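What follows is a short report on a single structure.
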Amino acid sequence: MSVSAAGYLRIASTDTAAWMVFGTEVLGLMDAQIEDTAGAQFLRMDDHPFRFMIESSDTDSLIATGLEYPSEAAWRAALDTLATAGHDIILGSAEEAQRRCVSAFATVQDPADNTLELYWGRNLDYVPLASPTGVSGFVTTYQQTGDMGFGHCVLPAPNIDAVTDFYTQLIGTGLTDTLYPPGMGGLKINFMHANNPRQHSVALFGGPHPLGVVHIMVEAQTLDDVGATLDRAKKAGCHFLATLGRHVNDNMCSAYILAPGGIAVEYGCDGILIDWENYVPTVSVEGDLWGHEYHFPSMDE
Ligand SMILES: [Fe+2]
């Protein structure tokens, strides 16, 4: 297992100003105040210079998921493995790396055409989080094990078995568990972890998604943080995709709200931490201990 964490996301938005208001005033993330020549805006949640890059676009979608490697050597080894397996790799320029606040990165498409940016050496500036809404903190590190990434994302993968092999054999994630959600006709979700105790950093959903991402997740430190955020989301008129609930696999107590443009954001707390040395992947036929009643926007039409 060579990937350290899912470090950042690039998000395309038709209304970056609205996304920033949502990110700061609802989610409680901090405007990173980074000047960008292309006009992107940045949200931070911890010591990292940013976790979400919000880029102006004529579509709303996930552009790329940034995956961190623990060293330049590990990063180069992963690129060699991908090239040997026949995947096209585009090395980022020094200027592009600087924009992402990383030492170096390369872009590759997974077999479902999700874009990954593989990088090493995040440039940390240790500006502490000052949440504009008073969120006590976001769970992104664990004691001495270091970075656990921003949270997780769930990527569409109609060809899920081939895509899972790509991640586990070439990218370097480990399979955590497989879920067959009830009432979804055998559709499968594979949850995968990086080399940190977070239960999953990237998951694969066995179907398509028009936004290029099924949801993204951020984990706050306390249930009070989650409750206050849901109050703010309700006040701001956000659509709730799923009510408060607790997942079986990662124990996350969370709700799902839609960002401007429609990307679902899971906002939770209580995620379990796992020692991978002593772990056996599981297969589940139930995703929730309680709650998480879904309400898709199309149900209103
Ligand atoms: Fe999730």
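Just so it is clear, none of the values below were taken in a lab; they were calculated from the coordinates. Predicted, not measured: the structure shown is a model, and the values here were computed from it. Heads up, the Cβs are rebuilt from the backbone with ideal geometry, glycines too, and the neighbour counts pull from every protein chain shown.
A dipole drawn for region 5-300 from +1 and -1 charges on Cβ atoms has a positive end, and of 200, 252, 190 the residue lying farthest that way is 252. So if the hydrodynamic radius of the chain is defined as the Kirkwood radius over C-alpha pairs, what does Stokes-Einstein give as its diffusion coefficient at 10 °C and 1.306 mPa s, in µm² per second? Answer from the Stokes-Einstein relation: 83 µm²/s. Charge dipole of the chain (Cα centre as origin; +1 on each Lys and Arg Cβ, -1 on each Asp and Glu Cβ, all else neutral): 140 debye, rounded to the nearest 20. Only helical runs count toward this figure. For the chain, summing -39,500 (n - 2.57) over DSSP H runs of n ≥ 4 and dividing by all residues gives -4000 deg cm²/dmol at 222 nm. Taking the centroid of alpha carbons for each part, region 44-86 and region 106-177 are 8 Å apart. Residues whose amide H falls under 5 Å from that of residue 102, counting only those 5 or more places apart or on a different chain, are 123, with hydrogens built in the peptide plane. The mean sequence separation of alpha-carbon pairs under 8 Å and at least six residues apart, normalised by the residue count of the chain, gives a relative contact order of 19 percent.
Using a Gaussian network model of the chain with C-alpha springs under 10 Å, which one of 132, 197, 260 is most mobile by mean-square fluctuation? Looking only at 132, 197, 260, the biggest GNM fluctuation is shown by 132. Pairs of Cα atoms nearer than 8 Å and 6+ residues apart set the relative contact order; for region 47-147 it is 33 percent. Taken one residue at a time, the phi angles of region 235-245 give Karplus couplings (6.51, -1.76, 1.60, θ = phi - 60°) of 5, 7, x, 5, 7, 8, 6, 8, 6, 4, x Hz. Gly and Pro are set to x. In the elastic network of the chain, a GNM with C-alpha springs shorter than 10 Å, the most mobile of 73, 233, 64 is 73. Across region 157-226, Cα pairs under 8 Å and at least six residues apart give a relative contact order of 28 percent. A Förster radius of 51 Å combined with the Cβ-Cβ distance from residue 285 to residue 38 puts the calculated FRET efficiency at roughly 0.65. Listed by Cβ neighbour count within 10 Å, with the fewest neighbours leading, 288, 113 appear as 113, 288.
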